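Notes follow once the structure below has been shown.
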Amino acid sequence: MSPTCSPPLPTEPRTPDHAQTIARDPEMTNTSDAQTEANRQSMIETFEAWRDGAEPFPDTWASDLVWRIEGHSIASREYTSKHEYVEEFVKPFGARFLASQRFRPTNIRSLHADGNTVIVLWDGRGIAIDGKPYENTYAFFMQMRDGKVVDVTALTDSISLNELLERVQPAAHVDS
């Protein structure tokens, strides 16, 4: 009897198709120090303004934005345009918070930029319309093009996000 053999293991780690596309896109990997600094500064200003009460982040998104929420939350999937992401996630998510205590960054732990890639690790907090706080930590891996965010992979605690999405229904209008 000859021994049974299992198929050979892959020699390279598997990556999602979008990651392979980004890595091969010369526009996303061939950038100058000036572009790196411009992208870094844009996201620093955006996240600080958001933390301080403004709503500038959507203004930085390209209309052809692709946003992925990774993990196993109810919201985890790929949104294939700015419009789709805003309508199907941002608005319903935001409508779960009091107007006076909207969800926003409370601590920007770190921000790294390399060419058109910007990574932000941050903590956020808001008070839901049921009066309970929602706190979570996020990591956004963003690809920039011409000063706009074109691709985001967002990582967060899916358990905490699911708990909010299941506990609190979006309000028709948000009271303060």
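Quick rundown of the values:
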read-out	value
Extended-chain gain in nm, criterion 0.36 nm per residue less alpha-carbon gap, E84 and T106	5.3 nm
Gain on full stretching of the segment that runs from D123 to A139 - 0.36 nm per residue minus C-alpha separation	4.9 nm
Linear extension gain, D64 paired with K132, 0.36 nm per residue minus alpha-carbon span	21.0 nm
Under 25 Å from K148, Cα to Cα: lysines that are on another chain or at least 8 residues apart	K82, K91
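Every number in this text was worked out from the coordinates using simple rules, so none of it is lab data. From a predicted model like this one, the values you see are computed outputs, not experimental measurements.
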